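Undergrad: I have a structure I would like to understand better, so I am pasting it below and will then ask my questions one at a time.
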Amino acid sequence: MVLGMERLPNRLGEGAIFAFSGMDGPTDTASRFVATWGERLPDLLFHTPLRRKLSVNLPADFIVSYVTGDACSWSGAAGALTLAYSHWHTLAGLSCMGVKLALGFAEEAAGDMAGSSAMEEHPGMMLTWDAKTGDWVVLAHRENRFAVSFGRSREEAVDRAQAGLSIAMEEVVSERVGLCLGLPLLAEPSLDRLLQKCVSVMKVNTLAAEAGLKQHWSTPDRVPHRDMWLWDTVFHSLAMNELDPELSCECLFTMLEAQLEDGMIPHQISVRGWKSNITQPPILAWGIWENFRRLNKEEMLTRALPYLERYLEWNLQNRDVNGNGLLEWSIAGDVMCRSGESGMDNSSRFDKAVKMDAVDFNVFMALDMQYLSLICQQLRQEEKAAAWAQRGEELSQFIQTLLWSEKDQFYYDLEHDGALSPVKSVSGFLPLLLDKLPKRHTEGLVSMLQDPRHFLTACPVPSIAVSEPEWGTDMWRGPTWINMNFFIILGLRKQGRQEEAAWLKKKTIDLVNKYYVKYGVVFEYYDSTDRVDPVDCDRKGPRRKPYDIRAKIDSIRDYHWTAALTAILLLEEAQ
């Protein structure tokens, strides 16, 4: 037994991701050989195009000993069941008396099987085949050993499964859990396990170089998002700086290198080369600067600078349609996602489906200009540094002058007819991140944050105020998002409001921990009033059942930026 295993997470729930990490070797996103835990634990669903199911029947007294994103063990009087990924294509295991395993197709695939798939059973082996994709998934077992393997041919899958029967399990498990066990020990055991859960989620959502992505990269979640996303990548990198800043740097540059010829950086990029036609919040200069603070390598700043300058210039040239110096998000026709570019897809801010000078866009731009200035200073490019600093200061002044409501003491989007939007959104707190924010503006924002009529909820901070008629549990129309809380915590600290920042930090950690303990996962978002569990929150429309992680029908589970930003807050407790 590896020393310290008792520290590892021991909560397991439906939808938690279980897969091989790119931190440990090559990955293959195209295979979709990624598992999540099923409704009946410890069944596993493999999300190949035609889903497979590994059914696992355990003795009644078995309980979870530990579970990470790539290794797990159950134990009871008869012994233990241990699983760990040896490669991206092979899940190896040790079982004991009373454990029964079976491989087949998931229930929803049963109706599609005739003529398009096949199942075979032989002594020591069960095989499944998808005629449409040509892939095979095989379960091999011998005595107390078993392996589930993927292959693009029958022979390949069988060979991999048979090789999996000889895996040195103790060595593999030790390698898989090493990152978690190397973390600083937190004084509170439940928070120590939450930290390790968060790092485990970060690890399993980090992938190796594949196809058009030439180095490590990260995804919001292996299922259902699968691709690389712009501002998500930065959030992930902030926490990865604490674990492996070199890898964090690679992930940032994988995103930068997706830049188009005109300077735009798409918000979503797939391994197969597809790129979206919109961007996302410009926070890459912030990410690069924070990574430099850990790596202290000027060459990475030199390499990043042209990408960052071209990207900010593209935003300035293409996202200010009325020419007033303030930027607007792209607005789409999809009523369920008016502004995917903002990252706040379905916020009621965008219900009018018109472009507005956006608080969040302009704050992010002003900040990234300031970070770009710091990068230029570090590279001794004083003229550029001064120019970007001035542009950032000017934009900051526009925000404070044009987007501030004296009446409400709050920041709003500005409609193009000159009226401030009436929607109280969490984006209104983001100017706390700016330098030289007037003290009375800080006071107004803190008062709004502490007002139970608007933003002081059981689990703050709601994405729109509870006073808004559109408030609910649907994504950006009311739920609490950890990335917004993280921004507000940083902003409160910048404005010298340490007590309020500490309060919000504790509320944030407690929220994530509460539902991790209950469901064994970290969620995409949470009901800000804490009346509805995350599993029952809406997602771009009413909650549908049965649960299907691929369909994005509720708050997504084992969500990377929730894990990453929570990990940052928890790691502060160890310092």
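The values are calculated or read from the model by the stated rules, or taken from the named source; none is laboratory data. A quick note: this is a predicted structure, and the numbers were derived from the prediction, not measured. All Cβ positions, glycine included, derive from the backbone under ideal geometry; neighbour counts span all protein chains shown. Please note that ligands, DNA and RNA were not included when accessible areas were found on the heavy atoms of the full protein model with its side chains. Shrake-Rupley method; radii C 1.70, N 1.55, O 1.52, S 1.80 Å.
Undergrad: Averaged per residue, what accessible surface does the range 459-552 expose to a 1.4 Å probe, in Å²? Provide the component values of the computation, followed by the final result.
TA: Numbers: 3400 Å² over 94 residues.
Computed with neighbouring chains in place, this is 36 Å² per residue.
Undergrad: Let a ≥ b ≥ c be the square roots of the eigenvalues of the Cα gyration tensor of the range 411-507; is it rounded (a/c under 1.5), or, if not, prolate (a/b larger than b/c) or oblate? Each step should come with its number before you reach the end.
TA: Numbers: a/c = 1.85, a/b = 1.13, b/c = 1.64.
Verdict is oblate for the range 411-507.
Undergrad: Can you tell me how much longer the chain between SER55 and GLU383 gets when fully stretched, taken as 0.36 nm per residue apart minus their C-alpha distance, in nm with one decimal?
TA: Working: separation 328, 0.36 × 328 = 118.08 nm, distance 6.40 nm.
Gain on stretching SER55 to GLU383: 111.7 nm.
Undergrad: Report the extension gain between LEU490 and ARG154 in nm, rounded to one decimal, defined as 0.36 nm multiplied by the number of residues separating them, less their alpha carbon distance. Don't skip to the answer; put the middle values down first.
TA: On the way: separation 336, 0.36 × 336 = 120.96 nm, distance 5.29 nm.
So the chain would gain 115.7 nm between LEU490 and ARG154.
Undergrad: What's the extension gain from ALA118 to ARG544 if we count 0.36 nm per residue and subtract their Cα-Cα distance?
TA: 150.3 nm
Undergrad: Let me know the shape class of the range 328-446, please: from the alpha-carbon gyration tensor, a ≥ b ≥ c as square roots of the eigenvalues, rounded when a/c is under 1.5, otherwise prolate if a/b is greater than b/c, or oblate. If you can, show how the numbers build up before the last one.
TA: Values: a/c = 2.44, a/b = 1.48, b/c = 1.65.
Here the range 328-446 falls in the oblate category.
Undergrad: Give me a comma-separated list of calculated 3J(HN,Hα) values for the range 364-376, in order, Karplus coefficients 6.51, -1.76, 1.60 applied at θ = phi - 60°, integers in Hz, x for any Gly or Pro.
TA: Karplus values, whole Hz, x for Gly and Pro: 4, 5, 4, 5, 5, 5, 5, 5, 5, 4, 4, 4, 5.
Undergrad: What part of the accessible area of the chain, given as a whole %, is carbon or sulfur when the probe is 1.4 angstrom? Present the calculation step by step, with values, prior to reporting the outcome.
TA: Numbers: 10860 of 21250 Å².
For the chain, the apolar C and S fraction of the accessible surface comes to 51 percent.
Undergrad: Apply 1/(1 + (r/R0)^6) to the Cβ-Cβ distance of GLU171 and GLU6, taking R0 = 22 Å, and write down the FRET efficiency to the nearest 0.05.
TA: Numbers: r = 20 Å, r/R0 = 0.90.
After rounding, the FRET efficiency stands at 0.65.
Undergrad: Which distance in nm do the two modelled labels at SER447 and ASN144 give, with both placed 7 Å along the Cα-to-Cβ direction?
TA: Between SER447 and ASN144, the simple spin-label model gives 6.9 nm.
Undergrad: In Å², what does the accessible area per residue of the range 266-362 work out to with a 1.4 Å probe? Present the calculation step by step, with values, prior to reporting the outcome.
TA: Working: 3590 Å² over 97 residues.
Here the residues of the range 266-362 average 37 Å² of exposed surface.
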